[in-house]
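Engineer: First the structure, which I've put down as structure tokens, then a few questions once you've had a look.
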Amino acid sequence: MRAIRVRGTFLGGILGVLALALAAASPAGADETCNSPYMGNLIKGQEDYLYVWALGVKSMGDGGDKLVTIDVNPASSRYGKVIHKVSVRGRGEAHHMGFTDDRRFLWAGGLDNSRISIFDVGTDPARPKLVQTIADMPAKTGYVGPHTFYAMPGRMLVQGLSNAKDGGGVTGMALYSNKGELIATYPMPATGGGDGYGYDIAINPQKNVLLTSSFTGRKNYMRNLGELVKDADAMKRFGNTMAVWDLKAMKPKKVLSVPGAPLEIRWSLKDGDTWAITATALTSKLWLIKPDASGEWQAKEVAVIDDPTKIPLPVDISINKDGTGLWVNTFMDGKTRYFDLSNPEQPRQTYERVTGKQVNMISQSWDGTRVYIASSLLANWDKAGADDEQFVRGFRWDGKELKPAFEVDFYKEKLGRAHHMKLGSKAMKSAYGPERTATLR
Amino acid sequence: MGPSAPRRSAERRFGRIITVLAAVAALATAAGTGPGAAHEPDNRLPASVTMDFVPPPPGSYALHAIMRAPDGPVLDRDGRRLPLSRFTAGKITLLGFIYTSCADPRGCPLTSQVFYTVRHRVAEDPELRERVRLVSLSFDPARDTPAAMRHYAASMPRNGVEWAFLTTELPRTLVPLLDGFGQDVRVELDARGRPAGPLAHVLKVFLIDERAIVREIYTTSYLFTEVILNDIKTLRLEGTPARRAAP
């Protein structure tokens with residue numbers, strides 16, 4: 001395996017700033033332009049539903065993590081309203097979700113309890129139903145904290161964040177069949193410059209490349225943030241690498257040095273493009289991953305996001321359908337920023353707006369005119385007091401301005417903390433409906 | 001990596017055949033004689049997806065057991081009722097769902113194009129010729145009768161490699177096979193929520209080993225002839241005595 005030396009303890013320099021912040025964070029997700037390339041059923045018109053995976057809050061409603069469905073079709077009489085919710089009973093740090101390749105099922109993970117909840121969203125897209133729970137991922141794989149759910153043909157590739165042995169950041173990926181049976185495990189590269197950490201997954205089938213990024217282990221992400229940032233040793237245990245994998249062989253080929261917890265990875269969807277982009281949470285930069293003139297994959301810092309010394313904490317990013325623009329949410333200042341990617345070697349921020357007191361996830365419709373923002377990062381990393389807004393907000397984007405369209409207050413509705421969002425549509429339903437329903441799971 | 005001369009020749013021959021098939025399907029759809037079958041439009045990919053890499057050599061990677069291939073009654077092109085397992089065990093099998101009226105170049109015609117090329121390359125390899133089969137199974141039993149499948153198959157000249165064209169009697173015998181393979185089929189709705197025309201599905205092709213275990217699944221964005229051939233050879237290497245004896 002080729003390797004590049006990873007830089008050392010860059011985090012020491014930002015520790016003081018983070019300690020002052022005392023409320024901050026990192027992780028994030030995906031949307032209609034950021035799905036697996038193996039998903040064939042993209043919604044390219046008006047979406048009908050927004051599925052929100054929400055963290056339960058004690059004494060709020062039933063207190064459990066839940067999948068919330070919001071009607072987001074402006075033509076509907078229920079536009080902007082919660083139309084359904086299904087609780088999984090219990091709190092497990094609800095975090096990210098991913099559709100199966102046929103979009104019939106939505107897998108959702110808990111970073112604390114490592115449970116994977118599988119919802120049927122194909123039979124009745126307006127009323128998702130919990131149909132299966134995978135509770136033995138730690139026992140069977142040794143990995144905990146299922147984070148990214150990435151559709152592969154007939155399978156789901158799940159990225160862990162941590163391990164069952166010491167709760168550190170060394171982890172791996174688990175491959176399941178769409179029926180929920182474990183097929184294989186793949187440890188993250190821990191030699192040749194690799195730190196063994198994991199976070200996101202992104203595949204380019206035409207290049208036979210799988211990219212992974214890196215975050216931190218359970219001992220860190222479940223810890224109170226105020227305490228964490230004062231622990232210099234703990235702050236050293238964040239990922240500083242990305243890995244380039246041979247997708248077919250599922251073997252790591254090269255480790256790239258990308259200091260500062262590289263999180264979401266987005267491939268440009270434009271025909272002919274062969275680059276991906278990521279944001280580093282702790283160093284507040286955009287990095288471009290692409291092959292050099294000799295075909296060798298390289299990572300290159302291409303932009304800073306705001307003033308990195310202020311630790312704005314870029315979290316989720318969302319690339320548009322033709323790779324010309326990128327949304328970046330920064331958690332600490334509650335801003336949603338737009339970067340012009342016309343030249344991916346030199347991204348330029350062209351717009352920003354405060355969209356909440358804390359913002360994490362951002363999703364956009366296929367045409368980019370509708371943008372959805374959710375508030376929560378992690379239960380123990382979200383802000384406190386009046387700054388602890390919990391919401392999903394819908395916006396219209398005309399290329400110049402984000403204009404508010406609707407808002408759901410998740411605390412007022414007793415739903416908990418709003419995290420990952422995925423889009424749904426009623427436009428399709430299974431052929432052979434009655435016959436199929438009888439055989440489903 | 002450029003295609004070999006035999007491969008180019010096979011692709012040219014098939015190109016003519018598939019052009020005729022697509023034209024017939026398009027005419028049938030336009031005339032309202034078919035189901036209007038179409039795949040989900042997906043402008044992310046060109047009709048012919050290019051493979052921009054050199055795949056790892058056969059035997060250098062693992063093909064994990066994904067699931068057992070489902071079984072159930074099917075009809076061959078002569079109308080004989082047989083178990084699908086007759087066509088999924090005993091040989092390395094490449095199985096894809098199609099419907100004969102499909103005109104989307106990124107759908108069933110793409111599957112048939114790749115099958116045609118794979119079959120040609122397999123026929124040239126004495127190690128594989130008798131050990132590989134192709135199966136095209138319809139998910140439109142109402143229109144794809146055994147006679148329709150026989151007519152469809154007639155356009156594919158025989159070359160000594162088994163290629164079965166199968167259908168089912170009824171949706172209720174088809175659906176367990178679809179669900180067993182995890183193959184979706186959907187129908188589009190109109191503004192009033194009523195079924196309105198085209199069927200849609202995610203293109204999937206299944207590589208099945210001699211024990212009827214699915215070992216790989218390909219879709220439009222990864223349906224590359226060279227990869228499939230290497231996977232077939234990887235399965236074949238598993239079955240050789242030297243490979244079995246290896247630690």
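Engineer: Would you point out the residue of segment A:219-275, among those that are surrounded by 21 or more Cβ atoms within 10 Å (Cβ to Cβ) and among the polar types (S, T, N, Q), that is farthest from the other protein chains (Cβ to nearest Cβ)?
Structural biologist: This residue is A:Asn220.
Engineer: List pairs: first residue in segment A:147-171 and farther than 18 Å from A:Asn220 by Cα, second residue assigned to a loop (DSSP other than H, G, I, E, B) and of a type in the set (Ser, Thr, Tyr) anywhere in the structure, Cβ distance under 6 angstrom, at least six positions apart or on different chains.
Structural biologist: Correct list of pairs: A:Tyr150/A:Ser36; A:Ala151/A:Ser36; A:Ala151/A:Tyr38; A:Ala151/A:Thr100; A:Met152/A:Tyr38; A:Pro153/A:Tyr38; A:Pro153/B:Thr219.
Engineer: Moving on to the next point. Looking at segment A:38-60, can you tell me whether even one residue there is hydroxyl-bearing (Ser, Thr, Tyr), within 29 Å of B:Gly182 (Cβ to Cβ) and at pLDDT below 95? Show your work before the answer.
Structural biologist: Kept after step one, since they are hydroxyl-bearing (Ser, Thr, Tyr), are these residues of segment A:38-60: A:38, A:49, A:51, A:59.
Of the ones still in play, those that are also within 29 Å of B:Gly182 (Cβ to Cβ) are A:38, A:49, A:51.
Within this subset, residues satisfying the condition of being at pLDDT below 95 are A:38.
Scanning segment A:38-60 turns up at least one residue that is hydroxyl-bearing (Ser, Thr, Tyr), within 29 Å of B:Gly182 (Cβ to Cβ) and at pLDDT below 95.
Engineer: If you don't mind, another one. Condition first: free of Cβ contacts under 8 Å to residues at least 24 places away in the same chain and either out of contact with any Ser or Thr (no Cβ under 8 Å at 6 or more places or on another chain) or surrounded by 15 or more Cβ atoms within 10 Å (Cβ to Cβ) (or both). Now tell me which residues in segment A:341-353 satisfy that.
Structural biologist: So the first thing to find is which residues in segment A:341-353 are free of Cβ contacts under 8 Å to residues at least 24 places away in the same chain, and the list is A:342-343, A:350, A:352.
Within segment A:341-353, A:Asn343, A:Thr350, A:Glu352 qualify.
Engineer: Same structure again: Evaluate the following for A:Lys321: is it within 14 Å of chain B (Cβ to nearest Cβ), in a strand (DSSP E or B) and touching a Ser or Thr at 6+ places or on another chain (Cβ under 8 Å)? Walk me through how you get there before you give the answer.
Structural biologist: Working: within 14 Å of chain B (Cβ to nearest Cβ): yes; in a strand (DSSP E or B): no; touching a Ser or Thr at 6+ places or on another chain (Cβ under 8 Å): yes.
Taking the combined requirement at face value, the residue does not satisfy it.
Engineer: I've got another one for you. Consider segment A:185-202. How many of its residues are closer than 11 Å to A:Trp245 by Cβ and touching a Phe, Trp or Tyr at 6+ places or on another chain (Cβ under 7 Å)?
Structural biologist: 3
Engineer: Can I ask one more? So A:Ala279 ticks every box in (1) within 27 Å of A:Asn343 (Cβ to Cβ); (2) among the hydrophobic types (A, V, I, L, M, F, W, C); (3) within 14 Å of another protein chain (Cβ to nearest Cβ) but one. Which box is left unticked?
Structural biologist: Only one criterion is unmet by A:Ala279, namely (3).
Engineer: A further question follows. Can you tell me which condition B:Arg186 does not meet? The list is (1) surrounded by fewer than 19 Cβ atoms within 10 Å (Cβ to Cβ); (2) touching a residue at least 12 places away in the same chain (Cβ under 8 Å), and all the others hold.
Structural biologist: Every listed condition holds for B:Arg186 apart from (1).
Engineer: For segment A:308-349, which residues satisfy the criterion of being closer than 19 Å to A:Ser375 by Cα and hydroxyl-bearing (Ser, Thr, Tyr)?
Structural biologist: Correct list: A:Ser318, A:Thr330, A:Thr336, A:Tyr338.
Engineer: Now, a different point. Show me the helices (runs of 4 or more DSSP H) found entirely inside segment B:71-185 where at least 2 residues are over 30 Å from A:Gly180 (Cα atoms) and of a type outside the set (Val, Ile, Thr). Don't jump to the end; show me each part of the working.
Structural biologist: Details: elements: B:108-123, B:146-153, B:171-181.
Those helices (runs of 4 or more DSSP H) span B:108-123, B:146-153.
Engineer: Within segment B:151-173, count every residue that is over 15 Å from B:Phe97 (Cα atoms) and either facing another protein chain (nearest Cβ under 10 Å) or hydroxyl-bearing (Ser, Thr, Tyr) (or both).
Structural biologist: Of the residues in segment B:151-173, 3 are over 15 Å from B:Phe97 (Cα atoms) and either facing another protein chain (nearest Cβ under 10 Å) or hydroxyl-bearing (Ser, Thr, Tyr) (or both).
Engineer: Can you tell me how many residues in segment B:174-199 are under 22 Å from B:Thr145 (Cβ atoms), modelled with pLDDT under 85 and facing chain A (nearest Cβ under 7 Å)?
Structural biologist: Filtering segment B:174-199 for residues under 22 Å from B:Thr145 (Cβ atoms) gives B:174-178, B:181, B:183, B:185, B:187, B:195, B:197-199.
Remaining after also requiring modelled with pLDDT under 85: B:185, B:187, B:195, B:197-199.
This time we only want the ones that are facing chain A (nearest Cβ under 7 Å), so: B:185, B:187, B:199.
So the answer is 3.
Engineer: Additional query: Which one of the conditions (1) under 19 Å from the mean Cα position of the chain (by Cα); (2) surrounded by fewer than 18 Cβ atoms within 10 Å (Cβ to Cβ); (3) hydroxyl-bearing (Ser, Thr, Tyr) does A:Thr280 fail to meet, given that it meets all the rest?
Structural biologist: (2)
Engineer: On the given criteria, is A:Leu175 of a type outside the set (Ser, Thr, Tyr), assigned to a strand (DSSP E or B) and crowded, with 21+ Cβ neighbours inside 10 Å?
Structural biologist: Details: of a type outside the set (Ser, Thr, Tyr): yes; assigned to a strand (DSSP E or B): yes; crowded, with 21+ Cβ neighbours inside 10 Å: no.
No; evaluated as a whole, the condition is false for this residue.
Engineer: Considering only segment A:405-423, state which residues are within 23 Å of A:Ala75 (Cα to Cα) and either in contact with a helix residue (DSSP H, G or I) (Cβ under 6 Å, 6 or more places away or on another chain) or among the basic types (Lys, Arg) (or both).
Structural biologist: Of everything in segment A:405-423, just one residue is within 23 Å of A:Ala75 (Cα to Cα) and either in contact with a helix residue (DSSP H, G or I) (Cβ under 6 Å, 6 or more places away or on another chain) or among the basic types (Lys, Arg) (or both), namely A:Lys422.
Engineer: Right, next: Within segment A:301-318, identify whether any single residue is within 20 Å of A:Met242 (Cα to Cα) and within 14 Å of chain B (Cβ to nearest Cβ), and answer yes or no.
Structural biologist: No, every residue in segment A:301-318 fails to be within 20 Å of A:Met242 (Cα to Cα) and within 14 Å of chain B (Cβ to nearest Cβ).
Engineer: Identify the residue in segment A:393-441 that is at pLDDT below 95, part of a loop (DSSP other than H, G, I, E, B) and hydrophobic (A, V, I, L, M, F, W, C) and, among all such residues, is surrounded by the most Cβ atoms within 10 Å (Cβ to Cβ).
Structural biologist: A:Ala431
Engineer: For segment A:157-175, does any single residue satisfy the condition of being among the basic types (Lys, Arg) and touching a strand residue (DSSP E or B) at 6+ places or on another chain (Cβ under 9 Å)? Outline the logic, then answer.
Structural biologist: Going through segment A:157-175, the residues among the basic types (Lys, Arg) turn out to be A:165.
Now narrow it down to the ones that are touching a strand residue (DSSP E or B) at 6+ places or on another chain (Cβ under 9 Å): none.
Scanning segment A:157-175 turns up no residue that is among the basic types (Lys, Arg) and touching a strand residue (DSSP E or B) at 6+ places or on another chain (Cβ under 9 Å).
Engineer: Let me ask something else. So in segment A:96-119, with the set limited to residues that are over 25 Å from A:Leu263 (Cα atoms) and either more than 11 Å from chain B (Cβ to nearest Cβ) or acidic (Asp, Glu) (or both), which one is surrounded by the fewest Cβ atoms within 10 Å (Cβ to Cβ)? Break it down into steps so the answer makes sense when it comes.
Structural biologist: Step one: of segment A:96-119, the residues over 25 Å from A:Leu263 (Cα atoms) are A:102, A:104, A:119.
In the following step, the residues that additionally are either more than 11 Å from chain B (Cβ to nearest Cβ) or acidic (Asp, Glu) (or both) were identified as A:102, A:119.
Details: A:Asp102: 25, A:Phe119: 23.
Going through the qualifying residues, I end up with A:Phe119.
Engineer: Evaluate the following for A:Gly122: is it modelled with pLDDT under 95, in a loop (DSSP other than H, G, I, E, B) and within 14 Å of chain B (Cβ to nearest Cβ)? Can you show your working first?
Structural biologist: Working: modelled with pLDDT under 95: yes; in a loop (DSSP other than H, G, I, E, B): yes; within 14 Å of chain B (Cβ to nearest Cβ): yes.
Here the answer is yes, as A:Gly122 does meet what is asked.
Engineer: Take segment A:125-146 and flag every residue that is more than 14 Å from chain B (Cβ to nearest Cβ), touching a residue at least 24 places away in the same chain (Cβ under 8 Å), of a type in the set (A, V, I, L, M, F, W, C) and not in a strand (DSSP E or B).
Structural biologist: A:Met137, A:Ala139
The values are calculated or read from the model by the stated rules, or taken from the named source; none is laboratory data. Everything numeric in this text was worked out from a predicted model, so none of it was measured. FYI the Cβ positions are ideal-geometry reconstructions off the backbone, even for glycines, and counts take in every protein chain you see.
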